Every structure is written in C-alpha cells, then in structure tokens.
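Trainee: There's a structure below that I have some questions on.
The values are calculated or read from the model by the stated rules, or taken from the named source; none is laboratory data. These numbers come from a predicted model, not from an experiment. All Cβ positions, glycine included, derive from the backbone under ideal geometry; neighbour counts span all protein chains shown.
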Amino acid sequence: MRPAQILITGVDGPELGLEEAKRLREIQPGGYILFGRNIKSPKQLSKLIHDLYDLSKEPPLLCIDQEGGRVARLREIGREPPSAKELIDHGTVDHIRRHGALTGGLLKLFGFNLDLCPVLDISFQGDLDNSLRNRCYGHDPDEVTRNARAFNEGLRSQGVFSCGKHFPGYSRAHIDPHHELPTIERTREELEAWEWIPFKNLIHEVDFQMIGHAFYPWLDSSGFPSSLSRFFVTEMLREYLGYRGLVMTDDLDMGAIINQYSLKEAVRQSVQAGNDMVLLCHRNQLAPEALEGILQVSDRELEDRLERISDWKKKLQPLPTFSQSEFDRLNDEIFRLRAELIGAERASVHSTEDGKRSPVEKY
C-alpha cells in the first residue's frame with residue numbers, strides 16, 4: 001500500500017532540484033500539478049514531465065489548469081486560448097467543443113493526463129470577488145451545462161481526463177478562497193434549483209470532481225469547509241448525486257484552509273470526509289507532513305481510496321514523444337480559434353493576470 005498516492009503536489013521550478021527529487025522519489029505522490037513557474041519552453045516542459053515520470057514507481061497523474069483566458073498555464077510558451085467568457089459571448093457550442101479538443105491535444109502532446117476543468121460554476125458578474133471572473137460557461141444552469149459539456153467532450157476525445165469544479169459551488173461567494181474562507185448563505189433548496197444543476201447534469205461525464213473551500217451554514221453545522229466536510233463529499237456528491245469518479249480537494253495551500261488548519265489536520269480531515277486525492281500545489285517540501293495526515297486515516301478508508309486511484313490509473317496512456325512541429329501546429333490552431341472570436345489583434349495579446357493567488361504561492 002502506497003498511501004502517498006492520495007497526494008497531488010506541485011513542483012518548485014522549471015527543473016527538479018536534487019533534494020526535491022530525492023524527497024519526491026521517497027514519498028511517491030500519486031500525481032503532480034504544474035504552474036507557470038514550471039514552464040519556460042516546450043522542450044524544457046517535456047523534459048520536466050519525463051523526469052517526474054522517471055521518479056515514479058507507477059504512472060503519475062499529471063495535472064494542469066488549462067481552462068483558457070488568464071487561467072491557461074501553457075500560455076507561458078504559446079498562444080492564449082479563448083476564455084469561457086469569450087467563447088460564450090462571441091462563439092458557438094462548436095467553438096467550445098473545438099477549444100476542448102485543441103486543449104486536449106496540446107496537453108496530450110506533453111504528457112498531461114488530467115486538466116482541472118471545466119468550471120461548472122454559474123457566472124454572477126458584478127462586484128463578487130470570488131476568483132471566477134471570465135471563467136464560467138454561462139449565466140444560468142442550462143447554458144453552463146450545454147457549454148461545459150461541449151468542452152468536456154472535446155477534451156476527453158483526446159484521452160485527457162476532465163475535472164468538474166468547484167462543487168458545491170463558488171458562484172455566490174463574495175470573497176476569494178485563495179485568501180479567505182467564503183461563507184455562502186444558500187439553502188439546499190436554492191442550491192438544488194440553481195448551482196447544482198450543471199453538476200447533476202454532468203455527474204457521469206467528468207472523470208474527477210473538485211471540492212471547493214466554502215462554508216454553507218444552512219446545510220452543514222459541522223463547521224468544516226465543504227472540502228473537509230463528509231456531508232458534502234460523501235453524503236451529497238457520492239450518495240445523493242451518485243458520483244462514481246474520483247474526488248479531489250481544491251488546493252490545501254489556499255488561505256481558506258491554511259488560516260484555520262495545519263496541513264496534517266487538513267489532509268486527514270479531507271480524506272476522512274471522502275476525498276480520494278488532496279492537492280498541495282505549492283509547498284511540496286511539506287509532503288512528508290501531508291503523508292502523516294494521510295496515515296492518520298483508518299486502513300479501511302485508505303484501501304478504499306487507493307483502490308479507486310489504482311483502477312483509474314489503469315486508463316492512463318503512455319508518455320508520448322514530444323514533437324515541436326505538432327506543438328507549433330496546435331499553437332497556430334489555438335490562435336486562429338481565438339482570432340475568430342475576438343479578432344487577430346486582440347487575440348495576439350494575453351489577458352491581464354488579475355486573479356488572486358494563494359498566500360504561499362511562489363512565482
């Protein structure tokens with residue numbers, strides 16, 4: 001039994017340091033998530049991914065946030081794909097499906113096997129400062145369902161896993177969980193009638209579900225954020241909605257969690273709540289502490305999580321050989337898609353990076 005398979009961790013920079021590689025080889029996390037700090041050139045990124053594979057005794061999940069717009073890590077070395085808002089304002093469902101397929105093709109070229117999207121939250125524009133601006137696929141449940149489904153179909157057609165996020169819904173959060181824990185004053189009836197509809201509609205179509213960090217006082221009196229709550233992870237997502245894929249937390253390095261819990265405590269509570277995997281995006285030097293939290297969980301619970309992870313990993317495709325010419329082709333296609341929506345001049349400019357970041361994140 002390799003309990004650290006429950007952990008998905010970040011990497012410090014564009015190449016592995018000796019101490020970092022030694023630590024990760026000993027811990028054997030189940031996966032890695034890469035950010036802009038890890039991406040400097042196509043060949044460098046391909047080498048980093050191969051190095052992470054070489055550390056691993058079994059194929060790791062390789063994750064990235066490649067949504068489009070400002071949340072598109074690969075824009076560090078290529079064209080920026082259209083954001084969800086650009087797609088719904090100027091495009092069609094066919095544009096969105098094409099965006100999903102291009103995204104999947106680009107990720108598969110490098111060896112990424114899990115894209116942490118589509119966002120299934122519903123857009124509430126205005127003064128809400130909750131990290132979702134321009135990232136949502138619609139302003140009502142049916143629009144989000146239709147458009148997120150199209151992206152999901154395109155992405156998965158390329159053999160890349162998808163992840164619906166952020167259950168039970170960030171849409172009504174008035175603060176950003178990267179810095180603080182939002183309190184969302186919504187009843188179960190209100191959530192079922194609005195925010196949960198896209199999650200219900202795509203419940204059997206996404207490979208992973210990500211649990212967000214928010215407190216819902218009208219639903220759960222435990223005091224735990226939704227990501228650490230058995231009520232939301234097990235009772236609602238698993239038992240009530242019938243989800244059968246893998247469940248992961250949002251980043252445990254966010255202020256919503258680190259302001260209230262030690263890492264060990266947060267990891268233990270996350271797994272006991274029913275999460276299969278936990279995200280530690282920025283402090284992989286604390287992976288041993290995260291493992292201590294995992295080991296505080298009962299053997300029966302660990303075996304359940306590890307069996308599900310193992311079964312899912314059997315679906316992973318072999319690591320590809322990187323092709324610069326294929327990268328260039330896909331990069332050109334991504335530019336053409338965005339240019340069709342907003343014009344070539346605007347498409348050549350990256351969106352402003354105005355999102356908040358986790359307090360511990362290093363750039």
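Trainee: Can you tell which of ALA148, ALA214 is of a type in the set (A, V, I, L, M) and closer than 29 Å to ARG97 by Cα?
Mentor: Answer to the check: ALA148.
Trainee: Continuing with this model, one more query. Residues in region 287-331 that are assigned to a loop (DSSP other than H, G, I, E, B) and over 20 Å from VAL160 (Cα atoms): how many? Quick ask: steps written out before the conclusion?
Mentor: So the first thing to find is which residues in region 287-331 are assigned to a loop (DSSP other than H, G, I, E, B), and the list is 296-298, 314-323.
Those left that are additionally over 20 Å from VAL160 (Cα atoms): 296-298.
Going through region 287-331 one residue at a time, the tally reaches 3.
Trainee: Residues that are crowded, with 23+ Cβ neighbours inside 10 Å and in contact (Cβ under 8 Å) with a residue 60 or more places away in the chain: which strands (runs of 3 or more DSSP E) entirely in region 150-257 hold 3 or more of them?
Mentor: 161-167, 246-251
Trainee: Return the pairs, sorted by first residue and then second, in which the second residue is outside any helix (DSSP H, G or I), the first residue lies in region 40-56 and is of a type in the set (Phe, Trp, Tyr), the beta carbons are less than 9 Å apart, and the residues are 6+ apart or on different chains.
Mentor: What qualifies is TYR53/PRO59; TYR53/PRO60; TYR53/LEU62; TYR53/GLY111; TYR53/LEU319.
Trainee: Next question. Can you find even one residue in region 319-329 that is buried (at least 19 other Cβ atoms within 10 Å of the Cβ), more than 21 Å from the chain's Cα centre (by Cα) and in contact (Cβ under 8 Å) with a residue 40 or more places away in the chain?
Mentor: Within region 319-329, one or more residues are buried (at least 19 other Cβ atoms within 10 Å of the Cβ), more than 21 Å from the chain's Cα centre (by Cα) and in contact (Cβ under 8 Å) with a residue 40 or more places away in the chain.
Trainee: Quick check on this structure: which one of ILE77, ILE88 is closer than 26 Å to HIS174 by Cα and of a type in the set (Val, Ile, Thr)?
Mentor: None of the others qualify; the one that does is ILE88.
Trainee: With respect to GLY274, is the statement that it is within 19 Å of GLU235 (Cα to Cα) and either touching a residue at least 12 places away in the same chain (Cβ under 8 Å) or over 21 Å from the mean Cα position of the chain (by Cα) (or both) true?
Mentor: In short, yes.
Trainee: Quick check on region 93-100. Is at least one of its residues part of a helix (DSSP H, G or I) and under 17 Å from ARG346 (Cα atoms)?
Mentor: So far as region 93-100 goes, no, none of its residues is part of a helix (DSSP H, G or I) and under 17 Å from ARG346 (Cα atoms).
Trainee: Let me ask you something else. Would you mind telling me which numbered condition in (1) touching a residue at least 60 places away in the same chain (Cβ under 8 Å); (2) in a helix (DSSP H, G or I) LEU279 fails?
Mentor: The single condition LEU279 does not satisfy is (2).
Trainee: Taking LEU120, is it touching a residue at least 24 places away in the same chain (Cβ under 8 Å), crowded, with 21+ Cβ neighbours inside 10 Å, under 23 Å from MET254 (Cα atoms) and out of contact with any Leu (no Cβ under 6 Å at 6 or more places or on another chain)?
Mentor: Yes, satisfied.
Trainee: If you check ARG70 against the conditions, is it closer than 24 Å to ASP176 by Cα, at pLDDT below 95 and either buried (at least 21 other Cβ atoms within 10 Å of the Cβ) or not hydroxyl-bearing (Ser, Thr, Tyr) (or both)?
Mentor: The answer is yes for ARG70.
Trainee: Now a separate question. With the condition kept exactly as written, say whether any residue in region 137-148 is among the β-branched types (Val, Ile, Thr), outside any strand (DSSP E or B), under 30 Å from SER229 (Cα atoms) and in contact (Cβ under 8 Å) with a residue 12 or more places away in the chain.
Mentor: Within region 137-148, one or more residues are among the β-branched types (Val, Ile, Thr), outside any strand (DSSP E or B), under 30 Å from SER229 (Cα atoms) and in contact (Cβ under 8 Å) with a residue 12 or more places away in the chain.
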